[in-house]
Amino acid sequence: MLRLGIDIDGTVTAQDTFVPYLNRSFHLSITLDDMTDYDLTKLLNITAEEFWEWMNVHEAAIYKEAKLAEFAKQALDGLKEEHRLIYITARRSHLEDVTLDWFANRDVHYDHIELVGSHHKVEAVKKHGIDLFFEDHHGNATMIAKEAGIPVILFDSPYNQLPTDSNIIRVQNWLEAVAWINKNKHSLQHVRS
């Protein structure tokens, strides 16, 4: 049994979740392909402060309505039979109820959900003894792979195209992720005391 660490937004949820909200609020007509940087302030031509003011107003609704990523539900349903699913997200703690409701409403299994409130997930990864992490944010993937010393499955996106280290595995979708796990799970087993 592996302890799988899983990001939520852009990994379990569809990567284009924010697009309609951004288009409506900022009078744009962007698509996911236009999001070539994780930092949306560059695309929106606003300050970080303006972005977080917007997030404070809209993020609960965005997360409540977020669609599942393609194949995520079936993949997670299969993985839960053999592994522990531990979600570690940058969402802030005031979004806990919205997050738990989202999982319940979509019947997505979890063993634990941790809202760390920032993109610094390494401490939580170490605390939970994660064997393999799933992420869409290039910087997080790199930090977790290096500092926690574990492989990271990176879900390919226009905003994470920087080069990756050898222990970061780029996949197109959850089916590829599960295939990689099934092929490599025995080499990932850690001996626990």
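The values are calculated or read from the model by the stated rules, or taken from the named source; none is laboratory data. Values in this document were obtained by computation on a predicted structure and should not be read as measured data. Note that each Cβ is placed from the backbone with ideal geometry, even for glycine, and that neighbours are counted across all protein chains shown.
So if I check each of 25, 29, 93, which one is free of Cβ contacts under 8 Å to residues at least 40 places away in the same chain, small (Gly, Ala, Ser) and in contact with a His (Cβ under 8 Å, 6 or more places away or on another chain)?
25
Could we say that residue 100 is among the hydrophobic types (A, V, I, L, M, F, W, C), surrounded by fewer than 17 Cβ atoms within 10 Å (Cβ to Cβ) and assigned to a helix (DSSP H, G or I) here?
Here the answer is yes, as residue 100 does meet what is asked.
Just wondering, is there one or more residues in region 120-132 that are in contact (Cβ under 8 Å) with a residue 24 or more places away in the chain and loosely packed, with under 13 Cβ neighbours inside 10 Å?
No, there is no match, as no residue in region 120-132 is in contact (Cβ under 8 Å) with a residue 24 or more places away in the chain and loosely packed, with under 13 Cβ neighbours inside 10 Å.
Might you check whether a residue that is in contact with a helix residue (DSSP H, G or I) (Cβ under 7 Å, 6 or more places away or on another chain) and on the phi > 0 side of the Ramachandran plot occurs anywhere in region 115-137?
yes
Under 6 Å between Cβ atoms, at least 6 apart or on separate chains: pull out the pairs that start in region 170-182 with a residue that is among the charged types (D, E, K, R) and end on any residue that is outside any strand (DSSP E or B) and at pLDDT 95 or above.
170/156
Every residue in region 48-66 that is hydroxyl-bearing (Ser, Thr, Tyr) and part of a loop (DSSP other than H, G, I, E, B), please.
Across region 48-66, there are no qualifying residues.
Can we say residue 169 is over 16 Å from the mean Cα position of the chain (by Cα) and either assigned to a helix (DSSP H, G or I) or surrounded by 16 or more Cβ atoms within 10 Å (Cβ to Cβ) (or both)?
In short, no.
Pick out the one residue from 156, 165 that is touching a strand residue (DSSP E or B) at 6+ places or on another chain (Cβ under 8 Å) and acidic (Asp, Glu).
Among 156, 165, only 156 is touching a strand residue (DSSP E or B) at 6+ places or on another chain (Cβ under 8 Å) and acidic (Asp, Glu).
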